[in-house]
Amino acid sequence: MNARAEPGAPARGSRPRGYWLVDVDGTLLNSRGEISARNRIVLERAARAGIEIVLATGRSYPSLMRVTGGWDLPFHCITNGGAVALTPRAAEVRYLNALPAALWRRITNAILAEGLSPVVFAHRHPETPLLYVQSRTGNPHFEAYLGRNALLARVTEDLIAGDIPDVIEVAALGRGTSFEQASQRIMTRFDGETRHHCMVLFINAEYGKITEFFHPLTSKWQAFLGLFPEAATCPDRVVAVGDEANDIEMIAAAGLGIAMGNATPALKAVADRTTEDNDHDGLAVALEPLLME
């Protein structure tokens, strides 16, 4: 495990990095789903200084635009947990990692067999990406998610038989012990075939979880290298900040990996340092000293 520094303290011998890889929920956003003025300013300053800013999220691009308020800055974006990477303002898809048709259908069938409601995410470009469901009714967390994404949702009578191109993710949403147990059974079934995790997802300030399945090589770090392949030879120039399971690879691979104070224990274990939590401007606390070096 790497040595720790106090929150916000610059690492000994560190220097400004050329790339900042920043998670969104739980990192850039506070627990109310807002970007603080201090976090916004530090990223704007970094962009003006020539640092490449990459926002990396489990959200789709439209969802990212909604929570950032259409923040019109030249930031690259990694969406859907690393399945898609886009150049600024979604001008170009630079990286796409889709699930094989036979595999996403098997995952969907397994979710249905557990009595859960699957959500199948399909990438479109330049059109808006879509999500497919068999019904708009299910557990409250599922219904709340569809309510937030009503314009993107399409109902199809038979997901498994449907001809859906470029499926990048299959997910289930819920809360409670029964959901977590069902999720664990499905994830165990696809060990070695998919990249998957079950993590917290607040919707309308209500606690719940999302269990997601991706192509086995999907990660935010791989998508980042799809955007900037030259960074593979100079990871010391990369700073990554995150808090959840889908951030672990990028935190471990970056030259400087920073865990939020609200990060999971597993992520903190691979980070170089830990900053304040997302309700105390932990992102800015960690990154501001790098602009002064």
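The values are calculated or read from the model by the stated rules, or taken from the named source; none is laboratory data. These numbers come from a predicted model, not from an experiment. FYI the Cβ positions are ideal-geometry reconstructions off the backbone, even for glycines, and counts take in every protein chain you see. Heavy atoms of the whole protein, side chains included, go into the accessibility calculation; ligands, DNA and RNA do not. Shrake-Rupley method; radii C 1.70, N 1.55, O 1.52, S 1.80 Å.
Please list, ordered by first then second residue, the pairs with beta carbon atoms under 8 Å, 6 or more apart or interchain, first in the stretch 267-293 and closer than 14 Å to residue 256 by Cβ and open to solvent by 50 Å² or more (accessible area, probe 1.4 Å), second among the charged types (D, E, K, R) and assigned to a loop (DSSP other than H, G, I, E, B). Filtered contacts from the stretch 267-293: 293/15.
Selection over the stretch 62-81 of residues that are at pLDDT 90 or above and closer than 14 Å to residue 122 by Cα gives a count of 3. Only one of the numbered conditions (1) over 30 Å from residue 229 (Cβ atoms); (2) surrounded by fewer than 17 Cβ atoms within 10 Å (Cβ to Cβ) is violated by residue 101, and that is (1). Pairing each residue of the stretch 149-178 that is touching a residue at least 40 places away in the same chain (Cβ under 8 Å) with any residue that is surrounded by fewer than 11 Cβ atoms within 10 Å (Cβ to Cβ) and polar (S, T, N, Q), provided the two are 6+ apart or on different chains, yields no C-beta distance under 9 Å. Among residues of the stretch 23-43 that are in contact (Cβ under 8 Å) with a residue 12 or more places away in the chain, those with a beta-carbon under 8 Å from a residue that is of a type in the set (Lys, Arg) and not in a loop (DSSP other than H, G, I, E, B) at least six positions away or on a different chain give the pairs 23/220.
With respect to the conditions (1) assigned to a helix (DSSP H, G or I); (2) touching a Lys or Arg at 6+ places or on another chain (Cβ under 7 Å), residue 184 falls short on a single one, namely (2). Going through (1) surrounded by fewer than 19 Cβ atoms within 10 Å (Cβ to Cβ); (2) touching a residue at least 60 places away in the same chain (Cβ under 8 Å); (3) aromatic (Phe, Trp, Tyr) one by one, residue 207 falls short only on (2).
Candidates in the stretch 26-52 are the residues that are buried (at least 19 other Cβ atoms within 10 Å of the Cβ) and touching a helix residue (DSSP H, G or I) at 6+ places or on another chain (Cβ under 7 Å); of these, the one that is farthest from residue 210 (Cα to Cα) is 46. Residues in the stretch 131-146: is at least one of a type outside the set (Phe, Trp, Tyr) and in contact with a His (Cβ under 8 Å, 6 or more places away or on another chain)? Looking for residues that are of a type outside the set (Phe, Trp, Tyr) and in contact with a His (Cβ under 8 Å, 6 or more places away or on another chain), one finds none in the stretch 131-146, hence no.
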